[in-house]
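Encoded as structure tokens, the structure appears first; notes follow it.
The values are calculated or read from the model by the stated rules, or taken from the named source; none is laboratory data. Since this is a predicted model, take the numbers as computed values, not measurements. Ideal geometry is used to build each Cβ from the backbone, glycine not excepted, and the neighbour counts take in all protein chains shown. Accessible surface areas use protein heavy atoms only, side chains included; no ligands, DNA or RNA. Shrake-Rupley method; radii C 1.70, N 1.55, O 1.52, S 1.80 Å.
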Amino acid sequence: MEISIQQNASTIGIVRPEFISTTLDWWPLETRAWGNSSVIHADLTHPNLIAAAKGLSPMFIRVGGSQADSAIYNMSTSTTTVGEANRFAQACDKNPQLCLTMQRWEEVLKFAQDAGASIVFTLAYIRHTKDESGQNDQQDWDSTNARQLLQYTAHSKYDTTVFGFELGNEVTHKGKIENVTRLVNAYAELRHIIDETWPSTINDKHKPKILGPASTGQSITTKLLKALGSHVDIATYHKYHGGGKEEALVKYAKSTSIIQHPNKFHGISSTSNKYMDKPEVWVGEGAMAYNSGRQNITDSFVGSFWFTNLLGAISKSVPHTVYCRQALVGGYYELISHETMKARPDYWIAHLWKRLVGTKSIGPILSPSREDSPDKYTFGCCEGPGYDTLLIHAFCAKGERSNPIFVITNIDKEESSFNLNITVGTHVTKYILTGKNGRRDSRSVVLNGNQLLTIENGQLPEIVGEDTDDMRVTLPPVSIAFVTVHGFEVDECVPPIVTAATETSHINYTTSISLEDQHQYTTSDIHDHVPFIASESAMYYSATFDEVQLLSLVQILGAMVFFAFILCLRKRLRLRQS
């Protein structure tokens, strides 16, 4: 089968460089499937875990989950009273597994900084709305403990590692709270605390963002964003595609219905566009299955087909920019085994994606033999939409000046081959992943048929693609491929020319994104804290406000010197004439 992409292909979506991110959770030691993996107990000094996290950099680590609303922070600041200190210290003594101490918080922040990550922290909300009898949602949010954490963080040497804060985790799920007005007031108070704790600077460079509502389900998220849209900088919600305890998950994971397309996410996209001034959406927590996932499915290669196509789908669902995969360690969906500290198959999907795939998705993908692809931008073969066993996504390649890269999943048990029919392409680089011994239930991954991918002694493997001038790529059964095409330019993948901005604090790369709603998206709209690389090469970057000011000052001084020179010259001419 032949496929191609045109030189004038459109940009479909732009995501952050941290597009693939991950999470840490709070589950206690005795929780099945989690063990010692919680944010309190995980060994953040383990060489394999540090190496794995660096292999996903840049990324966000969202510290949250169901237990986040029960967490206590044992912090001491200059404004902490003796009574407050005693109250939270006593609460920590009663439940140390949900107690974040100053020492542990510093360890979490250091881990993130060393890994090239930024923290998004979910603050406890429900705990601090309870009355004396322990009933939820009975009083306004008591921000005392949250304020202590924020004040301590602002004075930490790792303060810039914190990207932002959420308030509560799925707080309206199963009727845990019902008073949305009280929640809105709490978000307004959180904004006040952040503004007070991080006073405004010339460009608010290090001021943490507010994210939320960290909800689940489209109807609930729509209801909350309607109320909170003006109070959050980034909309977050949680997305799972089944339950880990459901027997149907096994059949689902091995069928063509595992494929997720961009229209699955358009509902949340439309909601954010409606209720936010500058809409940006993250899946703040997500995996194939909730209830900690399922053994031999979410921790094996069979789950990687779902994960790969999900990433392709979300990258095209403007204004989605980040997907936080649950979890870095813990549960049966973990990227790194908390028992062995070895990488699961989905880790290698995320790692190769970070290395090879840029921030722009492009399309459409064309073929003379297929017109009924699942959507305008994802190419499918060969049974019809919803039944395809081969799906292909196209992106600008990372680190390549203008080349496209195809991300391909083949869930067919039969060998599938096709031609990459690129008009002026000269050669391709292939990275083809299969389960060990060709098994899709394997927890090990093989690259290009011969390299078993492992993390050993804190070292990631050297990953080298297979270069060939044969434009026919043959996929083994049940395999995933990343294929970079060389010698062919896609206009949208050519890095933009950097010019000095005069009326904005960032270089303004304006890109029209081809979606049904013709949503206009610019990197300057979503740039903050961590530089947003619009180009596919790290040598191009957004200019900071200070850089622009310095450039403007130099221009002004240059003009002043020039006019002074002219005045002196005119004065000397007059003296000579007299």
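Quick notes on this structure:
- Stokes-Einstein D (µm²/s) once Rh is taken as the Kirkwood radius of region 88-211 over alpha-carbon pairs, at 37 °C in 0.692 mPa s: 210 µm²/s
- Equivalent ellipsoid dimensions for region 151-205 as semi-axes, Å, which come from the Cα gyration tensor, largest first: 28, 13, 9
- Among the protein heavy atoms of region 139-214, carbon and sulfur supply 45% of the accessible surface, probe 1.4 Å, non-protein parts ignored.
- Amide H partners (placed H, <5 Å) of I362, local residues excluded: I12, A394, F395, C396
- Amide H contacts under 5 Å for T101, placed H, 5+ residues apart: N74
- Too-long pairs where the Cα-Cα distance tops 28 Å, listed order kept, from K54/K398; K130/K174; K176/K360: K176/K360
- Taking other residues whose beta carbon is less than 12 angstrom from the beta carbon of T129, and scoring Lys, Arg as +1 and Asp, Glu as -1, yields -2.
- Distance (nanometres) between label positions extended 7 Å along Cα→Cβ at S417 and V464: 2.6 nm
- Å² per residue, accessible surface of region 216-320 at 1.4 Å: 34 Å²
- Most to least packed among 144-153, 186-195 [average Cβ atoms within 10 Å]: 144-153, 186-195
- Region 122-195 and region 471-497 have Cα centres lying 45 Å from one another.
- Shape analysis of region 264-377 based on the Cα gyration tensor places the equivalent ellipsoid semi-axes at 27, 20, 13 Å, largest first.
- For K274, the aspartates and glutamates whose Cα falls under 19 Å of its own Cα, not counting residues fewer than eight places away in the same chain, are D233, E516, D517, D525.
- For the pair K54 and D195 in one chain, pulling the backbone fully straight at 0.36 nm per residue adds 47.6 nm over the alpha carbon distance.
- Lysines whose Cα lies under 18 Å from that of K254, excluding same-chain neighbours fewer than 8 positions away: K245, K413, K436
- Share of carbon and sulfur in the accessible heavy-atom surface of region 239-329 [1.4 Å probe, %]: 46 percent
- The Cα trace of region 1-140 gives Rg and Dmax of 20.0, 73 Å, the first to one decimal, the second as a whole number.
- Euclidean distance of C-alpha centroids, region 296-345 and region 16-89, integer Å: 19 Å
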